[in-house]
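The structure appears right after this line, and notes come after that.
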Amino acid sequence: MSLVDIQIQDVRNINRIHFQPSAGLNIIVGPNGSGKTSLLESLYILSRARSFRTQNINKVLSHGKSKLIVFSKLDDGETIKKIAIQKNKVETVIRINGKTEKKASELSKHLHTHLIRPESQALLEGGSTGRRSFIDLGVFHVKHSFLEALKNYNLCLKNRNKLLKQKEFKTLPVWGNKLAEYGIIITTERSAYVERFELELNPIVKILIGDVEVDVKYTNGWLDKVTLPEALERSLEKDKRYGYTTTGAHKADLKIFIDGNAAQDYLSRGRMKLLVIAMYLAQIKLMGQIELKSVCVLLDDLAAELDVKSFRKVMLFLVSLGIQVFVTTTNEKAFLGFIGKGDAKLFHVKHGAIF
């Protein structure tokens, strides 16, 4: 499945554009500030109902405009689906084949955009929150019911933390039991996903980085030798002192080791970038195996972040997956080996217009 028709209206400096992309590689060329990243942002909004650049919708709306609209047709080879999203300062309206949907998660069931940009390196160098989100995104596309368990866990965690902070301990056991119940579900699904993820990651790392040994470790968020209910019981007095829940699935983390060493301490900055890209590519490949749906990759100025050899390796791997890719660049020459090959399309963006 791929996007075959895209219309974007009033997203930052994009007033109104309408184009038909390739089902494969789409190269978006233009100077800085031309609207290239805004185009990627629009596609991201179409699949997730939010921007990857800001939480403030006012910053996404074109100057003087009250709403933005992104519309696309998706072709699965048999039928054409229509997906549209409209956002203003107070509400988001989602329509799939003319039917209004209330949940943003419905968008991801039809279209998923996978974003890789310069800031993506924070996946390994930043805090554990980003890595948990990375795992959870992958699990969601394996098992949609996971999202409900995750929401229930977070609700239980919020209520338990509120009681701890207010020192109202009478109903703590109730929320602790529910927290453990959903935490076990989450951990089981995460662990199973990480095992599959590691199998996909290893060969990709060897292609992009070289003959190194990759080891992926998932930590539950509590001591391995005890169950989650036992861990919560053991940490109860500590939780009461601190005023929040100090152990559980919300403390889980993902660690990557290269040749037995923590990746962030062992790899050069350039190879770290390649490892993070490999992680995203492994997730993309796994997602494509699991679901017959549209996987759309968004690459923001990748050519500026990698040396020529590494950039070519990444692009060749992406093209080999046979999925739809949108990549922005200021340097058209970096894509000379891809322009005119297969079904690749070249677009130029200038002052928010595409041609």
Angle between the Cα long axis of helix 269-290 and the longest principal axis of the chain, 0 to 90 degrees, nearest 10?
90
Using the 10 angstrom Cβ neighbour count as an exposure proxy, how do C296, C156 rank, fewest first?
C156, C296
Could you sort out which of K89/K255; K158/K273; K143/K251 sit more than 32 Å apart by Cα distance in this structure?
K89/K255; K158/K273
So what's the angle, to the nearest 10 degrees on a 0 to 90 scale, between helix 128-142 and the longest Cα principal axis of the chain?
70
Among the listed pairs K65/K87; K81/K350; K285/K309, give every one whose C-alpha distance is greater than 18 Å.
K81/K350; K285/K309
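Quick one: net charge of K285's neighbours, Cβ under 11 Å, K/R +1, D/E -1? It would help to have the intermediate numbers written out before the result.
On the way: positive: R196; negative: E200.
Local charge sum for K285: 0.
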What ranking do I135, I256, I80, I207 get, fewest neighbouring Cβ atoms within 10 angstrom at the top?
I80, I207, I135, I256
Using label points projected 7 Å from each Cα along Cα→Cβ, tell me how many nm separate Y242 and H18, to one decimal.
5.6
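So, counting K/R as plus one and D/E as minus one, what does the shell of residues with Cβ under 9 Å around I258 add up to? If you can, show how the numbers build up before the last one.
Numbers: positive: R271; negative: E213, D215, D259.
Residues near I258 contribute -2 overall.
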Under 16 Å from the Cα of K345, which lysines turn up, not counting those fewer than eight places away in the same chain?
K36, K333
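Rounded, prolate or oblate: which fits the range 149-254, taking a ≥ b ≥ c as square roots of the Cα gyration tensor eigenvalues, rounded meaning a/c under 1.5, else prolate when a/b beats b/c?
Working: a/c = 3.09, a/b = 2.69, b/c = 1.15.
Prolate.
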Put a dot 7 Å past each Cα toward the Cβ at T92 and N261; how far apart are the dots in nm?
4.2
Along Cα→Cβ, 7 Å out, is where each label goes; now give me the distance between the ones at L137 and K59 in nm to one decimal.
1.8
Which whole-Hz couplings ³J(HN,Hα) result when phi for each residue of the range 244-254 is put into the Karplus expression 6.51 cos²θ - 1.76 cosθ + 1.60, θ = phi - 60°, listed in order with x for Gly and Pro?
7, 7, 8, 9, x, 5, 6, 10, 5, 8, 10
Which angle from 0 to 90°, rounded to the nearest 10, does the C-alpha axis of helix 172-208 make with the longest principal axis of the chain?
40
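Expressed as a whole percent, how much of the Cα-Cα distance distribution for the range 136-200 exceeds 17 Å?
Working: 971 of 2080 pairs.
So the pairs more than 17 Å apart make up 47 percent of the total in the range 136-200.
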Multiplying the sequence separation of V4 and T227 by 0.36 nm and subtracting their Cα-Cα distance, what value in nm do you get?
75.4 nm
Please work out which option in (i) 0.95; (ii) 1.07; (iii) 1.24 gives Cα Rg over 2.2 N^0.38 Å calculated from these coordinates, and answer with its label.
(ii)
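Which net charge results when you count Lys and Arg as +1 and Asp and Glu as -1 among the other residues whose beta-carbon is under 11 Å from that of G221? Can you show the working numbers first?
Numbers: positive: R132, R190, K251; negative: D224, D253.
For residues surrounding G221, the net value is +1.
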On the formula 1/(1 + (r/R0)^6), with r taken between the Cβ atoms of L147 and K170 and R0 of 41 Å, the FRET efficiency rounded to 0.05 is 0.85
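Every read-out reported here was derived from the displayed coordinates using simple, explicitly stated rules and does not represent laboratory data. In this text the structure is predicted, and so the values were computed from the model without any measurement. All Cβ positions, even for glycine, are placed from backbone atoms using ideal geometry, and neighbour counts span all protein chains on display.
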